[in-house]
1. Taking the Cα centre of region 108-211 as the origin, how large is its charge dipole in debye, to the nearest 20, when only Lys and Arg (+1) and Asp and Glu (-1) carry charge on their Cβ atoms?
2. Can you send over the carbon and sulfur percentage of the accessible area for region 69-211, probe radius 1.4 Å, protein chains only?
3. Please identify every one of the GluC sites (Glu not before Pro) in region 96-134 that sits in a loop by DSSP and has no more than 16 other beta carbons within 10 Å of its own beta carbon.
4. Per DSSP H run of n ≥ 4, the term is -39500 (n - 2.57); total these for the chain, divide by its residue number, and report the mean residue ellipticity at 222 nm rounded to 500 deg cm²/dmol.
5. To the nearest 20 Debye, how big is the dipole of region 79-139 about its Cα centre, given +1 on the beta carbon of each Lys and Arg and -1 on that of each Asp and Glu?
6. Could you list log10 I(q)/I(0) for the chain at q = 0.08 Å⁻¹, which the Debye formula gives when each Cα is one point scatterer?
7. Who wins for biggest fluctuation among V69, V82, V190 in a Gaussian network model of the chain, springs between alpha carbons below 10 Å?
8. Once you've got the Cα coordinates, tell me which of K81/K189; K59/K176; K59/K177 are over 29 Å apart.
Amino acid sequence: MIRNFIIMILLCIVLTSESLADKMGECILTPEIWSVGILPDAKNSNNLTQNYTSFEIAKGTKILIKGKVLDKNCVPISGVKVSIWQANSFGLYQFNANDVHDEHYDENFSGSGNMLTNNLGEFEFITIYPGKVNLISPNVIFRLEHQNFYPFETKMFFPENNNTEDIKNMNPSLIKKQIPLVIAKIIGKVEEKVIYNFVITLNQSNLYKEY
């Protein structure tokens, strides 16, 4: 009886270890894609559909972007400052005062936003589906900052409207199997807004991981 009990315990340990190994194998690092030039400070809000100077809603199709930030061991990272920048629905980046005179300027669109990840490493943004910029596939720029991690920047593309050549041209060092890692997944709808999921995995270990 005791021998059989010990065998069962050992079998459970082996199966659990294999399960954990499988999970670890699923955590593939997100490739970095750095923007050209210096980005302005992101607005202190996770809602890009309204500018602090106006009560109106930005033009275009409202969407939700939800995601998680993980370390290389698949452990969620809390307290990460996640900042995003993107073009408005007309394909214009509203980064400077000169943009105000552009016919495609949207005074109700903030153009950027940021928030901190919660204790599960989660973030969420309400925004507008971006237009194409110079015929390049719509995308959202992400920058991550945390005191225990190096700054990280990448871009999120959309599953129904992307060109793999665009993505490759933005970062020639990307290999083919990395391209799906910067394309968001559609996970549902809420109040007519499509929800896009984007998981970002960093190539460092979380100092405060839970066991």
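The values are calculated or read from the model by the stated rules, or taken from the named source; none is laboratory data. This is a predicted model, so every value here is computed, not measured. Cβ atoms come from the backbone with ideal geometry, glycine included; neighbour counts cover every protein chain shown. Areas reflect the complete protein model, heavy atoms only, side chains present, ligands, DNA and RNA absent. Shrake-Rupley method; radii C 1.70, N 1.55, O 1.52, S 1.80 Å.
1. Result for region 108-211 is approximately 320 debye, rounded to the nearest 20.
2. Summing carbon and sulfur atoms, their accessible area is 50 percent of the total for region 69-211.
3. Answer in residue order: E103, E107.
4. Dividing the helical sum by the residues of the chain leaves -5000 deg cm²/dmol.
5. Using only the charged Cβ atoms, the result is roughly 240 debye.
6. -0.33
7. V190
8. K59/K176; K59/K177
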